[in-house]
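Read-outs throughout are calculated quantities, based only on the coordinates presented, and are distinct from any laboratory measurement. Just so it is clear, the model here is predicted, and its values are computed rather than measured. Cβ placement follows ideal geometry from the backbone for every residue including glycine, while neighbour counts extend to all protein chains displayed.
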């Protein structure tokens, strides 16, 4: 386990990397015995730095929800990060490309809570009952550290991603909000277009069999830290497409069929 002084120093490195739009070396190269608990400790310390600057927490995101991604990084559970109010962009509007260094985009569903969710025994049914509505969402991923080490060519580990706020940077919500009992959420699907050409397709069952399972997992995971999901929070339940690289000028459009569409342009 890393000591608190080291955790705070690594959080400060991430903070500086984000503010300067630069990439730092993955932490596991310097601390190969770093644990997942260490990584969440760094994330919490980084979050504390953001709160001191006046940023406001508006929700959480869940990542690594597919079996394929979990197998790729060698873990058996998802990860999570924090959503700040200034990460949200309106549907159909511009997103400033200069805010990011190497962004990617994923297709998801967002749950907007009308009641708190607390673990350790939160279930899918608790999530459905606590959700005011579900809406299409696009998550914009970012990294503050190298995804591949420039010297060893080794990929970053899950501990690096967790420390880096689960690679979250921004999101767009839109489409047609709907109540969770109005649809079988497993079968909500989307087509993702970039500049008019289809890039990805997927259905929400790719998220742990049902996207509400991810939200229940998060509530139970937070309980171990004495935390919970609050009423009014937005929870990104996890991607059901692979991440797509973004370049300046790209326009993305996600068609959710009966649940509307959502789009954004990187300028």
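A few points about this structure:
- Relative contact order of segment 1-145, pairs being alpha-carbon contacts under 8 Å that are 6 or more residues apart, as %: 25
- Gain upon complete extension [residue 97, residue 197; 0.36 nm per residue less C-alpha separation]: 34.0 nm
- Sorted from greatest to least, the principal axis extents spanned by the alpha carbons of the chain come out as 49, 44, 37 Å.
- Quotient of the Cα radius of gyration of segment 87-153 and 2.2 N^0.38 Å, N being its number of residues: 1.58.
- Estimated FRET transfer efficiency (residue 251, residue 176; beta-carbon r; R0 22 Å; 0.05): 0.60
- Annotation: for a label point projected 7 angstrom from Cα along Cα→Cβ of residue 22, residues of segment 99-127 with backbone N closer than 16 Å are 101-102.
- The simple Förster model, with R0 at 41 Å and r as the Cβ-Cβ distance, assigns residue 88 and residue 36 a FRET efficiency of 0.90.
- Extension gain, residue 265-residue 3: 0.36 nm per intervening residue step, less the Cα-Cα distance, totals 90.1 nm.
- Contact order normalised by residue count of segment 57-266, Cα under 8 Å, 6+ apart, percent: 33
- The helix-based estimate of mean residue ellipticity at 222 nm for the chain, built from -39,500 (n - 2.57) per DSSP H run of four or more residues and divided by its residue count, is -8000 deg cm²/dmol to the nearest 500.
- Counting every pair of alpha carbons in segment 143-216, the share spaced more than 21 Å apart comes to 52 percent.
- Pairs of Cα atoms in segment 88-239 fall into 5 Å distance bins, from 0 up to the last occupied one, in shares of 2, 9, 16, 19, 19, 16, 11, 5, 2, 1, 0 percent.
- Distance in nm between pseudo-label sites at residue 258 and residue 114 (7 Å out along the Cβ direction from Cα): 2.0
- By average C-beta atoms within 10 angstrom, highest first, the peptides 158-170, 50-62, 226-238: 158-170, 226-238, 50-62
- Sorted largest first, extent of segment 1-133 alpha carbons per principal axis (Å): 44, 38, 32
- A Förster distance of 25 Å, applied to the separation of the beta-carbon atoms of residue 230 and residue 186, puts the FRET efficiency at 0.45.
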